[in-house]
Amino acid sequence: MDSSREKLLLVTGASRGIGAAIARGAARGGWRVIVNYVRDAGAAEAVVREIEAAGSEAVALQGDVGREEEVQNLFGEIDRRFGRLDGLVNNAGVIGKPGRLDQIESADLKRVFEINVFGAFFCAREAVRRMSTAQGGRGGAIVNMSSGAATIGSAGEFIHYAASKAALNTMTLGLAREVAREGIRVNAVEPGLVETDMHESAGGAARTQRLIGTIAMGRAAKPEEIAGPVLYLLSDAAAYVTGAVLRAAGGR
């Protein structure tokens, strides 16, 4: 086990899917974990109980990352309870309604960017304020959850989602260079097709069957297979890795 023990990690959108897998894996690696959620307190508490049953420490904290005030309240609560933050995974995200660009409703477009882009910026800003050695922090690591859609474009389905994730990739590179000498590493992971509730809401098994032929490995990923690269980027094994976008898309 590396020096992650006793460090504190915030995983946004961690009540299910990839976020929950990251939270569980990080706890096994020695991190104390904050399981962030928006609405489903029961699911978040279930993740916390699972982590605690395995002998690790976790707490569930509510907050909609797309709302700046709620992000500030979330980090304020972290300050009050723990007085430190060592890692952030910007995992919270929404895919939006499928359709061509000429069918996109403004409310849906706004919400996709509020969560996927603004939310990541808000959380990263607050994390940097606490981690930066130039601001009295101890350093830390940020991992942004991007998507393979950022380079594919998702034409005819989710180009608003794809564009939001491409923005996240650019933020990853820029922020990594901005804070590299302040003890903070910033990286991203680009998953492909993953078996999660978000995937089910975007077409489920029918969409998987339609896309499976585009995946070199011939299958969708399990959430744990995306958590692994995230945990690597958070770890001391990635001490010289920053500004990287690690694709985990089965060859797609």
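Any read-out appearing in this document is the output of simple, stated calculations on the displayed coordinates, not a laboratory observation. All of these numbers come straight from a predicted model, not from anything done at the bench. Here the Cβ is made from the backbone with ideal geometry for all residues, glycine too, and neighbour counts use every protein chain on show.
Okay, here's what the table says:
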| quantity | calculated |
| --- | --- |
| Two-site label geometry, residue 129 and residue 239: point separation in nm, points 7 Å out along Cα→Cβ | 3.1 nm |
| Most to least packed among 73-79, 240-246, 42-48 [average Cβ atoms within 10 Å] | 42-48, 73-79, 240-246 |
| Spin-label model distance (nm) - residue 211 vs residue 107, 7 Å beyond Cα toward Cβ | 2.6 nm |
| Theoretical gain in end-to-end length, residue 28 to residue 57 [0.36 nm per residue, Cα-Cα removed] | 9.5 nm |
| Against the rule of thumb 2.2 N^0.38 Å, how large the Cα Rg of the chain comes out | 0.95 |
| Relative contact order (percent, whole number), segment 8-245, Cα cutoff 8 Å, 6+ residue spacing | 19 percent |
| Cα-Cα P(r), segment 44-125, percent of pairs per 10 Å interval | 16, 37, 30, 13, 4, 0 |
| Zero-based 5 Å bins, Cα pair distances in segment 70-115, whole percents | 5, 17, 18, 16, 12, 11, 9, 7, 4, 1 |
| Neighbour net charge for residue 144 - beta-carbon separation under 15 angstrom, K R +1, D E -1 | +2 |
| Angle in degrees between helix 159-179 and the longest Cα principal axis of the chain, rounded to the nearest 10 | 30 degrees |
| Within segment 121-143: backbone nitrogen closer than 13 Å to the residue 68 label point (7 Å, Cα to C-beta) | 121-123, 125-126 |
